[in-house]
Amino acid sequence: MKLSPCEPVTMFRSIKIYKGEGLKYNDLAKELVAYGYERCQRISEPGDFSMRGGIIDVFPPAFEGPVRIELSGNKVESIKSFSILSSETLEAHAMIIILPKLALYPKRRSFKKPESGERTPLGSFIDIQINDYVVHVDHGIGIFKGFEKVRFKDEERDNIIIKYAEGDKLYVPIEEMHLIQKYVGFDKKPPKIYRLGSKAWKNAKEKVKKGIYSMAFELLELNAMRVKLKGFSFFRDGDWQEEFEKNFPFKETPDQARSCAEVKKDMESGRPMDRLLCGDVGYGKTEVALRAAFKACMDNKQVAMLVPTTLLAEQHCITFKERMKDFPLRVELICRFRTEKEVTGIMRDITGGAVDIVIGTHAILRRDMAFKDLGLVIIDEEQRFGVKDKERLKKMRTLVDVLTLTATPIPRTLYMSLMGLKDMSIIETPPQNRLPIEVVVSEYDAKMVRKAVLREKCRGGQVFFIHNRVDGIDKIAGNISGLIPEVSVGVAHGQMRPRELEGVMREFIKGNIDVLVCTVIIESGIDIPNANTLIVNRADRFGLADLYQLKGRVGRFSNKAYAYFLVPKGNIISSESERRLKAIARYTELGSGFKIAMEDLEIRGAGNILGAQQHGYVSSVGFDLYCRMLKEIVASLNRSS
């Protein structure tokens, strides 16, 4: 391998690696980082690289797929391109040439801004595409038009092109891309664009800055109250906690370990925890919640876990009981699968302190629910609960530690986390061997449905077929049986009798049903490793976050998964539906929950999440810049006080 001296990255430098030649392992890692590549545990997109012992994976943006370099000692034994989905070897090479990532930006349809602490609170999870509205901190809102080479001092350099009013263009060097964010305004109407050099943008920022002060004082008061609140200080981890965590059957990811440490630190502090745990579907949020629950129980405190659906409540209950079976802890379930007599008995035992952990739907928020000593509340997918439920949760928050789990945070929750009013932990590392899901957005085609179902059947798997109307669902199931007589078909929906629904789900989990035709009752958290094909009928009727949650029901382990989002043949769908479907097709990479949440807000608008006046300020400068300005003002007021 030939490495050029460490000089500023230019488009003329390259790394050449030859089969049979020597390679300096640490030098290669440094050079790839200098070239703009990002080191990660497992590569998932162009610009990533990973190094695991004698195996080096690199995904140059100019290549169609990644390349694996295998070493024997310090010598390159083989160079092979491979499939990112199946890890199958595609082609052997005698040499490869790796170019700097920044020199290749024009060949990519989107780019990620580098994280730079306080300067880009949303930078790690918003992509910018051609014709998107963007905000340049100094020059205002314009339209991103791509990249162009500009000659400067006898050197051609890549520039980002932003178009402003009356045809004005701004050329921004790649090195200054941290000054640009995607415009997110939460209004359906497009933002106001000004001419370059006019005072309009400066005046708009000044107006927003003045208006933000009232919000800043409110935030400071809230934070002061939060700091003053006295909560329970849990003890540090004991031997049982260590033993419990050793029993985790998977290898924890670095983000899981960090999130667990952050949660425990909160619990051991003297103030009530209010932490948001964000992580994509299947990224291991439940394990963090399990460890927090166990820690609370070790201090003789009770735990309540609130979940949005009956099926998810039962699944969490099974998981908690299985993980805690070696310890003297009692886990109970309150949902409509329980009889009134059973629920009454469980509630009596909760009041008496005989139940350590209770998992349930909104039923556990009922006014006659009395705990002996509640210490921790875990909320799974807060956005799925109604206004009355949230009011009850607000009261709980001032009394006990609260941990909220989400894959697609609601705007106010995300905003409060960015402002520091709610602590946030993020799990961005995918579990080992997790593969991206192959997404197909198409008009309904019976032949395609038959082929997809039989492919899954042939490899011993199962299929979710989503039809979100109870009326007519049996007819749909009959159509599937007629189309594919080789498979067994079951039906599940929320209007079924509890025992009947429970029976169908048990048969599906056992593998006795090949295709489950169901409503969105399976949307949240249902974990069936053998189900790896999802077909969504009338996908145009779903919200983007719902589509993303449904997609998360498959591909949760190491099998390749498929998701089909189907619309009626020949029908004209709304522009909003079309945009949602394009987004679900675009965000196929692992860990897209944040991007989906922000895209969903752009599509449907967010209402006045911060009040009418502040909402206007967000529209003027964009959510990202608004957050940063507010954060700076809060920090300056804190310093002056």
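The values are calculated or read from the model by the stated rules, or taken from the named source; none is laboratory data. What you are looking at is a predicted structure, and each value in this text was computed from that prediction instead of being measured. We place every Cβ from the backbone using ideal geometry, glycine too, and count neighbours over all the protein chains shown. Ligands, DNA and RNA are excluded from the accessible area calculation, which covers all protein heavy atoms including side chains. Shrake-Rupley method; radii C 1.70, N 1.55, O 1.52, S 1.80 Å.
Tabulated results
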item: Subset of the range 307-328 that is surrounded by 16 or more Cβ atoms within 10 Å (Cβ to Cβ) and part of a loop (DSSP other than H, G, I, E, B) - its residue that is modelled with the highest pLDDT; result: M324
item: Yes/no for Y171 being farther than 30 Å from M324 by Cβ, free of Cβ contacts under 8 Å to residues at least 40 places away in the same chain and either touching a Ser or Thr at 6+ places or on another chain (Cβ under 7 Å) or hydroxyl-bearing (S, T, Y) (or both); result: yes
item: The one condition in (1) farther than 20 Å from E523 by Cα; (2) polar (S, T, N, Q); (3) modelled with pLDDT under 85 that S620 fails to fulfil; result: (3)
item: Residues of the range 209-239 that turn out to be open to solvent by less than 100 Å² (accessible area, probe 1.4 Å) and at pLDDT 90 or above, as a count; result: 5
item: Given (1) open to solvent by 80 Å² or more (accessible area, probe 1.4 Å); (2) closer than 30 Å to S558 by Cα; (3) of a type in the set (A, V, I, L, M, F, W, C), index of the condition V263 fails; result: (1)
item: Residues that are without any contact (Cβ under 8 Å) to a residue 40 or more places away in the chain, assigned to a helix (DSSP H, G or I) and open to solvent by less than 70 Å² (accessible area, probe 1.4 Å), drawn from the range 447-480; result: L454, G478, I480
item: Looking only at the range 535-566, and only at residues there that are open to solvent by less than 10 Å² (accessible area, probe 1.4 Å) and over 19 Å from the mean Cα position of the chain (by Cα), the one that is nearest to F508 (Cα to Cα); result: I535
item: Residue among R275, R258 that alone is in a helix (DSSP H, G or I), open to solvent by 10 Å² or more (accessible area, probe 1.4 Å), among the basic types (K, R) and within 21 Å of G593 (Cα to Cα); result: R258
item: Selected residue (only one of V515, V520 is of a type in the set (A, V, I, L, M) and open to solvent by 10 Å² or more (accessible area, probe 1.4 Å)); result: V520
item: Considering residues of the range 180-208 that are under 31 Å from the mean Cα position of the chain (by Cα) and among the aromatic types (F, W, Y) only, the residue nearest to V134 (Cα to Cα); result: Y183
item: Spans of strands (runs of 3 or more DSSP E) in the range 1-109 with at least 2 residues modelled with pLDDT under 80 and of a type outside the set (D, E, K, R); result: 89-93, 95-98
item: Qualifying residue in the range 279-289 (condition: modelled with pLDDT under 90, assigned to a loop (DSSP other than H, G, I, E, B), open to solvent by 30 Å² or more (accessible area, probe 1.4 Å) and among the hydrophobic types (A, V, I, L, M, F, W, C)); result: no
